[in-house]
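Some notes on the structure that comes next.
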Amino acid sequence: MPAEPITAAQLFERTFAPHYPPDALADLAAARSTDANPAGNPSILAQIDHAAEVFARLAPGAFGAPDLGLDFSDASVHRLGAALTRERRDAWLSPAEGAAGARGISAEGGGGAPPMLVTLVTHGALYVGACVTRNHGGKWQVRRPLWESLVRLESRAGTGDLAIFQWWLKALSDEEIGRGRLADRYRTHVEVPTFDAERLPVIAAGDRRIPRLAKVRYDTLYKHLRAHLPELRSVGEDFPSPERFEEMAFKSLEFALLGGGRMLLMHGATAEGVHLFWLDASGFVKSVYYPADSFPAHVVQIEGQKIRVIVPVRGETQAHEMLWWGA
């Protein structure tokens, strides 16, 4: 019989819960919402920093990746996310890794020597949180045990408390393992909201209207942009190739200048869904795809700092919101 899928909840219950203080485990909701450092004791914050430093120093060896480069940069979180593979997770779950995994960690709830996975995730959650505090001004919201601590981040998207330990559990589940979802969440919840989009150079006046392109081919798109936005000299090396662009078979393309003319948004429907492309003065930056019905047509609404994309899915309407520089 096939092995039972490993979910985030199962990972927690079977692997991490035995190492929690009994009172915290008895009421997890209270433990996750109660400030464990109301007096702002700097020694507790120093413990968090120390755990993050331990992870940065020892994790490359545990991953078998000496060039992992855990230098507390945003890029290091992306390297870390890409390194979370099923093979590594399964090896770290092995009881044989317990002794090695126990070194350098204090399991607050006892439960014997933890497997390597516990060591890595509990320290790794604090490492990723430290990247947020060091690079983006996040503030620790201390919880007990320490790896349950949240990071409060203020940005133009609002104020949010990031539960990074939960990010790790989800990224290591069978549903997400090997898909880089730890880095995806970091990008979505940290990098995108704090991105200083005003530093982008202006391509053209934000009130310029670019007409809809009805007959979409790679060559007609090029001519359309040259005619209506000549300041954009290239779509960039990472824009879909002519072959891939033709495969998409767009019904039409629409255009909007965002952020006072700092970015161009291109969006259009295909038979399978809706594609959005963001380009800055250097060309392609990112894209998003939403599966959608072919009718009715999708709608893109631009309101201040945010974009709302409305698509029909199985006869129902779905709305996706993001900041104007993309998800």
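The values are calculated or read from the model by the stated rules, or taken from the named source; none is laboratory data. None of these values were measured; they are calculated from a predicted model. Cβ coordinates were reconstructed from backbone atoms using ideal geometry, including for glycine residues, and neighbour counts include every protein chain displayed. In case anyone asks, the SASA skips ligands and DNA or RNA and just uses the protein heavy atoms, side chains included. Shrake-Rupley method; radii C 1.70, N 1.55, O 1.52, S 1.80 Å.
Each row is one residue, and each column tells you yes or no for (1) more than 26 Å from the chain's Cα centre (by Cα); (2) farther than 19 Å from Glu321 by Cβ; (3) of a type in the set (Gly, Ala, Ser).
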{"residue": "Ala249", "(1), (2), (3)": "yes, yes, yes"}
{"residue": "Ser252", "(1), (2), (3)": "yes, yes, yes"}
{"residue": "Asp280", "(1), (2), (3)": "no, yes, no"}
{"residue": "Phe295", "(1), (2), (3)": "yes, yes, no"}
{"residue": "Arg308", "(1), (2), (3)": "no, no, no"}
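Does region 250-260 contain any residue that is open to solvent by 50 Å² or more (accessible area, probe 1.4 Å) and free of Cβ contacts under 8 Å to residues at least 12 places away in the same chain?
Within region 250-260 (the criterion being open to solvent by 50 Å² or more (accessible area, probe 1.4 Å) and free of Cβ contacts under 8 Å to residues at least 12 places away in the same chain), the answer is no, since none of the residues qualifies.
Any idea which residue in region 130-167 is farthest from Val192 (Cα to Cα), counting only those that are part of a strand (DSSP E or B) and among the acidic types (Asp, Glu)?
Within region 130-167, the first condition is being part of a strand (DSSP E or B), and the residues that meet it are 139-141, 150-155, 158-162.
Then drop every residue that is not among the acidic types (Asp, Glu), which leaves 154, 161.
Numbers: Glu154: 12, Asp161: 15 Å.
Filtering first and then ranking leaves Asp161.
Working only within region 289-308, note down all residues that are more than 20 Å from Arg185 (Cα to Cα) and β-branched (Val, Ile, Thr). Spell out the reasoning first.
As a first pass, look at region 289-308 and keep what is more than 20 Å from Arg185 (Cα to Cα): 291-305.
If the condition is that a residue be more than 20 Å from Arg185 (Cα to Cα) and β-branched (Val, Ile, Thr), then Val299, Val300, Ile302 are the ones that fit.
Determine whether region 76-90 contains at least one residue that is open to solvent by less than 20 Å² (accessible area, probe 1.4 Å), within 21 Å of the chain's Cα centre (by Cα) and among the polar types (S, T, N, Q).
Of all residues in region 76-90, those open to solvent by less than 20 Å² (accessible area, probe 1.4 Å) come to 76-77, 80-81, 83-84, 89.
Narrowing the set further to residues that are within 21 Å of the chain's Cα centre (by Cα) leaves 76-77, 80-81, 83-84, 89.
Next cut, among the polar types (S, T, N, Q) only: 76.
For region 76-90, residues open to solvent by less than 20 Å² (accessible area, probe 1.4 Å), within 21 Å of the chain's Cα centre (by Cα) and among the polar types (S, T, N, Q): present.
Taking region 283-301, which residues are in contact with a Lys or Arg (Cβ under 9 Å, 6 or more places away or on another chain) and farther than 18 Å from Thr317 by Cα?
Selection gives Gly283 alone.
For region 213-248, enumerate the residues that are assigned to a helix (DSSP H, G or I) and either within 28 Å of Arg156 (Cα to Cα) or of a type in the set (Phe, Trp, Tyr) (or both). Break it down into steps so the answer makes sense when it comes.
Step one: of region 213-248, the residues assigned to a helix (DSSP H, G or I) are 218-228, 242-248.
Matches in region 213-248: Tyr218, Tyr222, Phe245.
How about region 7-57: which of its residues are hydroxyl-bearing (Ser, Thr, Tyr) and either in contact (Cβ under 8 Å) with a residue 40 or more places away in the chain or open to solvent by less than 20 Å² (accessible area, probe 1.4 Å) (or both)? Spell out the reasoning first.
Here is the first cut: in region 7-57, the residues hydroxyl-bearing (Ser, Thr, Tyr) are 7, 15, 20, 33-34, 43.
Within region 7-57, Thr7, Thr15, Tyr20, Thr34 meet the criteria.
Could you give every pair whose Cβ atoms fall below 7 Å, whose first residue belongs to region 77-96 and is more than 18 Å from Pro66 (Cβ to Cβ) and in contact (Cβ under 8 Å) with a residue 24 or more places away in the chain, and whose second residue is polar (S, T, N, Q) and part of a helix (DSSP H, G or I), counting only separations of at least 6 or pairs across chains?
These pairs meet every condition: Leu93/Thr15.
Can you tell me which of Arg152, Arg144, Arg134 is open to solvent by 20 Å² or more (accessible area, probe 1.4 Å), within 23 Å of Phe12 (Cβ to Cβ) and out of contact with any Pro (no Cβ under 9 Å at 6 or more places or on another chain)? It would help to see each step written out before you state the result.
Numbers: Arg144 fails: out of contact with any Pro (no Cβ under 9 Å at 6 or more places or on another chain); Arg134 fails: within 23 Å of Phe12 (Cβ to Cβ).
Going through Arg152, Arg144, Arg134 in turn, the sole match is Arg152.
Any residue at all in region 189-212 that's more than 29 Å from Thr270 (Cα to Cα), free of Cβ contacts under 8 Å to residues at least 24 places away in the same chain and not in a helix (DSSP H, G or I)?
Within region 189-212, one or more residues are more than 29 Å from Thr270 (Cα to Cα), free of Cβ contacts under 8 Å to residues at least 24 places away in the same chain and not in a helix (DSSP H, G or I).
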